[in-house]
Amino acid sequence: MKDADNRVSATRKDDPMLLCQISDLHVKEPGSLCYGVVDSAAALRACVDHIVRLPQRPDVVVATGDLTDFGRPREYRHLRELLAPLPMPVYLMPGNHDDRDALRAAFPDHAYLRATSPHIQYAFDAGPLHVLALDTTVPGEGGGALDAPRLDWLEQKLAEAGGRPVVILMHHAPFPVGIGHIDSIGLADPEPLAAIVRRHPNVERVLCGHLHRPIQARFAGTIASTCPSPAHQVLLEFGPDAPNAFTLEPPAFQLHRWEPRFGLVSHMAFIGRFDGPYPFHDPTGALLE
Ligand SMILES: [Fe+2]
Ligand SMILES: [Fe+2]
């Protein structure tokens, strides 16, 4: 993991750019399992290994919150060890399971974590993309909020972007997903955020975490989406009484690829080692039906 304060400058304006999103890592102290079941450290190790082995190396990795399970210093030290093999810049964001002070203390070389206070909001460039990280967390609460200072910062940064393509990162998603227990700890009053985003058609995406599932929605004239976890996924069952439960569905992360002739195209990558690849033709070279 490089010092993420270096700008992501490997790409030229006309090159594709690959932004990798991981989320909801829920790292615990060594030897502890999430809910007594999930080895989130092993899950993140597999995720990092998968990213390192990708045929095209991402230019940057962003982690959209719930980096640790309880926001404890030892958990952040463990997180740091687990992320260390990543050779590209890594940007970290808090989620409702995190603690801002403990996060900052464990990553003193990540100066962007101190760009604003008390919230952790920052901006960086990734190739032609201008990335704005919003802090939706409310200490001690599961749900998220964006108050006037945080939204004013967003307005200012969008003005400074000057029409460049923008990606907004935030932990809580600004839309309900229909799964009662997680909607009950969603983002309070997303309308002021929507009003700002609506005025800026250069916002390509709002990339979120928190949901432990891949979900997309139209939001304020752009696309908002959530990222699966490398560890546990939220049970896909709708309704106000949906069980507050998780499953061990296949873990995954997202790859958002900037294509200069088109824009941003988002992929989901399952984590693991799978059979294949097999060619789409037989050994004689004939195409198979
Ligand atoms: Fe989470
Ligand atoms: Fe969360």
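The values are calculated or read from the model by the stated rules, or taken from the named source; none is laboratory data. Since the structure is predicted, the reported quantities are computational estimates derived from the model, not experimental observations. So basically every Cβ, Gly included, is an ideal-geometry build from the backbone, and we count neighbours across all protein chains shown.
Take segment 231-289 and flag every residue that is acidic (Asp, Glu) and at pLDDT 95 or above.
First, pick out the residues of segment 231-289 that are acidic (Asp, Glu): 237, 241, 249, 259, 275, 282, 289.
Result: 237, 241, 249, 275.
Conditions (1) more than 16 Å from ligand 2 (Cβ to nearest atom); (2) of a type outside the set (A, V, I, L, M), marked per residue:
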{"site": "219", "(1), (2)": "yes, yes"}
{"site": "226", "(1), (2)": "no, yes"}
{"site": "242", "(1), (2)": "yes, no"}
{"site": "247", "(1), (2)": "yes, yes"}
{"site": "257", "(1), (2)": "yes, yes"}
{"site": "280", "(1), (2)": "yes, yes"}
{"site": "283", "(1), (2)": "yes, yes"}
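If you go through segment 191-217, how many residues are within 16 Å of ligand 2 (Cβ to nearest atom) and touching a Lys or Arg at 6+ places or on another chain (Cβ under 8 Å)?
Initially, segment 191-217 is screened for residues within 16 Å of ligand 2 (Cβ to nearest atom), giving 206-215.
Narrowing the set further to residues that are touching a Lys or Arg at 6+ places or on another chain (Cβ under 8 Å) leaves none.
Result for segment 191-217: 0.
Pairing each residue of segment 95-113 that is away from ligand 2 (no atom under 16 Å from the Cβ) and of a type outside the set (Gly, Ala, Ser) with any residue that is modelled with pLDDT of 95 or more and assigned to a loop (DSSP other than H, G, I, E, B), provided the two are 6+ apart or on different chains, yields C-beta distances under 7 Å for 113/107; 113/120. One residue stands out among those in segment 53-70 that are surrounded by fewer than 21 Cβ atoms within 10 Å (Cβ to Cβ) and part of a loop (DSSP other than H, G, I, E, B): the one that is farthest from ligand 2 (Cβ to nearest atom), which is 55.
Looking across segment 71-94, the residues that are away from ligand 2 (no atom under 13 Å from the Cβ), hydrophobic (A, V, I, L, M, F, W, C) and in contact with a strand residue (DSSP E or B) (Cβ under 8 Å, 6 or more places away or on another chain) come down to 79, 82, 83, 86, 88, 90, 92. Looking across segment 213-237 at every residue that is within 18 Å of residue 168 (Cα to Cα) and assigned to a loop (DSSP other than H, G, I, E, B), the one that is farthest from ligand 1 (Cβ to nearest atom) is identified as 221.
Set side by side, the residues 280, 219 differ, and just one is of a type outside the set (Ser, Thr, Tyr) and within 22 Å of residue 158 (Cβ to Cβ), which is 219.
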